[in-house]
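Working notes, structure below.
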Amino acid sequence: HVIEQSQSYQLIQIPQLGLLTKMEVLYLDSNELTGKIPDSFYDMKSLYDVRLRDNHLSGTIAQDLGEMRALKLLYLDSNDFTGSVPTHIGNLGVLTQLHLFKNRLSGTIPHEVGGLTKLEHFSVNDNALTGPIPEHLSSMTAVRDLYLYGNKLTGTIPPELA
């Protein structure tokens, strides 16, 4: 059950997206998609690989994302998302790849991200995140790649990350 898209659409205009509840893989990257992620997207609970990178998607990333517990790979980078990194992302216990770089995300990195113990790649670079580098990132024991540059983070590098 794979959808690949090569034409330009608003993501919300893809017919009955939320009815595709058995879909496991969704690749819509490198298109001209605009608008926000429709609420029905979050009903696709079987998705384990989502790639919406390199579009013009905007709005906030809904807390409902945390209910998509099958997600292992999530690529939302290179869009125009605003708001904060949703705290409910910490519910995604099998997530191994989280790419949120090159958006317009703000606020702090939520504490809940530290609970993603299977996360191997975490990239939030090139946003407008603020505050100190959170010590709780050291709880992500599987992390191999951590990209935080290009934000407005302050303070010192926590010794737990060294």
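The values are calculated or read from the model by the stated rules, or taken from the named source; none is laboratory data. Remember, predicted model here, so these are calculated numbers, not experimental data. We place every Cβ from the backbone using ideal geometry, glycine too, and count neighbours over all the protein chains shown. Quick note on the areas: whole protein, heavy atoms, side chains included, nothing else; ligands and nucleic acids left out. Shrake-Rupley method; radii C 1.70, N 1.55, O 1.52, S 1.80 Å.
All of (1) touching a Leu at 6+ places or on another chain (Cβ under 8 Å); (2) assigned to a loop (DSSP other than H, G, I, E, B); (3) within 19 Å of Gly59 (Cα to Cα) hold for Ile89 with one exception: (2). When segment 82-100 is filtered for residues that are under 14 Å from Asn55 (Cβ atoms) and surrounded by fewer than 23 Cβ atoms within 10 Å (Cβ to Cβ), only His99 remains.
In segment 58-81, which residue that is at negative phi, of a type outside the set (Phe, Trp, Tyr) and in a strand (DSSP E or B) is least open to solvent (accessible area, probe 1.4 Å)? Checking each candidate, the answer is Leu74. Residue count for segment 101-142, restricted to those that are open to solvent by 10 Å² or more (accessible area, probe 1.4 Å), outside any loop (DSSP other than H, G, I, E, B) and within 14 Å of Phe81 (Cβ to Cβ): 3. Counting only residues that are closer than 16 Å to Ser84 by Cβ and surrounded by 12 or more Cβ atoms within 10 Å (Cβ to Cβ), which one in segment 143-162 is nearest to the chain's Cα centre (by Cα)? So, considering only residues that are closer than 16 Å to Ser84 by Cβ and surrounded by 12 or more Cβ atoms within 10 Å (Cβ to Cβ), the one nearest to the chain's Cα centre (by Cα) is Leu148.
Of all residues in segment 18-29, at least one satisfies being of a type outside the set (Phe, Trp, Tyr), in contact with a Phe, Trp or Tyr (Cβ under 6 Å, 6 or more places away or on another chain) and at pLDDT 85 or above.
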